[in-house]
Amino acid sequence: MPGNSRGSNLPSTIVREGLAPRDVVFVLFRRRWILLAVALPIILMGTVGLLGRTKTSTAATRVVVEFLNIDRPQWNITGRNVDFDRELSTLANIAMSVSVADEAALALTDSLPVIQGLDENLALVQSHTDLRDLLLGGLDVAVVGESNILEFRHTDPNPRVALMAAGALRTAFVHYENFGRRKRGAAAYYEEQVSSVRARVDSLLAVRGAILGESGFSSLEDELRYLTGDAAETANNLRKTQVDREQLQAEYDLLRGFLDRDPREFPAGQDESRASTLVGWRDIVGKQEDALNSILSVYTDDSIPARRQKALLERSLERLRAEEVAYTESVRLALEGTIRREETIRGQLESIRRNNQRLPDVYQKVSMLDSEIKSLRDLLSDLQGKWGEVRMNEMADDRVSNIIVLTEPELIQSLGGGKSAVYMAMIAVLALALGVVGAFIADSTDHRVYAPRDVEDKLELPVFASVTRIE
């Protein structure tokens with residue numbers, strides 16, 4: 001039991017000692033999940049970042065931006081104060097613009113086979129646009145400190161490609177600023193051209209809509225597909241209607257020939273819905289004839305039962321004849337309806353054919369307008385790009401007088417396998433150190449008892465018994 005006995009010579013307080021290596025190991029083992037939670041993300045992120053830049057080279061070159069003296073009289077500066085930080089920032093953005101990259105790509109077009117030979121991964125770079133995107137992908141332009149120096153950096157796996165790209169971009173920027181600066185009124189000129197082309201496109205679209213409206217078409221492609229399919233469907237319906245009409249005509253002609261004959265010789269109807277009553281009365285007549293024959297086998301022809309049955313048979317024959325006439329009339333009405341439907345379908349087919357005959361003329365006119373509209377839209381896109389370019393170039397202050405090349409392209413950084421291993425080791429050491437610190441911080445805030453020494457530290461009393469884990 002903890003405490004001091006009467007005869008004990010032990011001191012009343014325990015002097016705390018430093019952490020032994022064994023205690024450090026125990027703490028790290030107990031807090032291993034905290035150690036891993038802190039160290040692993042740092043190691044993974046650092047490894048991914050290093051692998052992305054492994055075996056890459058960065059080439060740099062610098063230019064000096066010369067500004068005119070502030071006290072020198074200047075005209076047409078729009079009354080604004082000169083902000084050199086803004087001027088340098090604007091020039092840096094211009095250096096990374098598509099216009100400068102286009103000029104640099106144009107200068108490197110002849111060297112494209114050489115660039116592809118330096119790096120097999122650049123085999124897909126085939127066009128001017130691909131080369132421009134390659135130059136912009138690794139480009140970074142920044143102001144050096146508080147000076148008026150701009151530094152061009154280009155990163156690429158191949159050092160020679162990085163040097164060529166940095167030099168081409170720097171030269172293109174210097175030429176663009178010194179010799180490609182826009183003249184006054186260029187923005188207004190391009191704005192006027194954009195408005196003119198847009199008005200021309202709007203007028204052509206109006207003419208196109210008027211042509212389609214007069215012809216009754218909404219879309220040539222949709223109308224062509226619709227009219228072609230509608231014509232085929234209408235022609236099929238016309239053929240089916242003609243077949244139905246011919247069948248009804250043949251049936252009607254046949255039935256008319258039997259109206260003047262014995263009703264019992266009338267042929268059976270093809271349409272069961274119309275001929276059901278006719279068939280029923282024919283069965284009645286047959287039964288009455290059988291009944292008459294049975295009576296005649298017993299009685300004479302002029303007997304009362306025979307005369308009564310004959311009268312009944314005559315009435316049934318008259319009713320049968322009336323049903324035959326009604327059936328023939330129904331066939332005639334069906335024939336007339338089929339003829340009218342055939343005429344209607346034939347009229348629809350003729351209308352579709354007339355529209356199809358007009359379609360080539362309308363298609364020719366609209367196609368010519370579409371080609372002209374497409375060309376004008378491409379021109380409008382180019383003019384808008386040029387308009388934005390000259391407006392962006394205008395953002396640079398007129399007090400920028402000259403840009404001079406300060407250094408030639410040179411390699412400033414090459415991250416290889418050896419350096420990557422060193423950097424990864426440094427990242428791992430730093431991550432583990434942070435994890436160890438986190439583990440000890442977590443352990444210092446934990447008040448649970450793990451060993452006798454924990455009780456001695458808390459109670460400042462000696463403990464002679466074993467201590468289990470107690471909250």
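None of the figures in this text is laboratory data; all of them are computed from the coordinates on show. Computed from a prediction, not measured in an experiment: that's the story for all the values here. All Cβ positions, glycine included, derive from the backbone under ideal geometry; neighbour counts span all protein chains shown.
Can you put D102, D23 in order, fewest other beta carbons within 10 Å first? Don't skip to the end; give the middle numbers.
On the way: D102 19, D23 15.
Arranged by neighbour count, lowest to highest, D102, D23 become D23, D102.
If neighbour count is taken as other Cβ atoms inside 10 Å, put L150, L169 in order from fewest to most.
Numbers: L150 22, L169 29.
Least to most surrounded, the residues fall as L150, L169.
Quote to one decimal, in nm, the extra length available between E120 and S381 on full extension: 0.36 nm per residue of separation minus the C-alpha distance between them. Write out the running numbers ahead of the final one.
Working: separation 261, 0.36 × 261 = 93.96 nm, distance 3.46 nm.
That works out to 90.5 nm of additional length.
Please list, in order, the residues from region 18-37 whose amide nitrogen is less than 14 Å from a point placed 7 Å along the Cα→Cβ vector of L432.
25, 28-29, 35-36
Listing M424, M164, M368 from the residue with the fewest other Cβ atoms within 10 Å to the one with the most, what is the order? Working shown, then result.
On the way: M424 16, M164 23, M368 12.
Arranged by neighbour count, lowest to highest, M424, M164, M368 become M368, M424, M164.
If I model a spin label at I441 and A306 as a point 7 Å from the Cα along the Cα→Cβ vector, what separation in nanometres do I get?
So the label points at I441 and A306 sit 13.2 nm apart.
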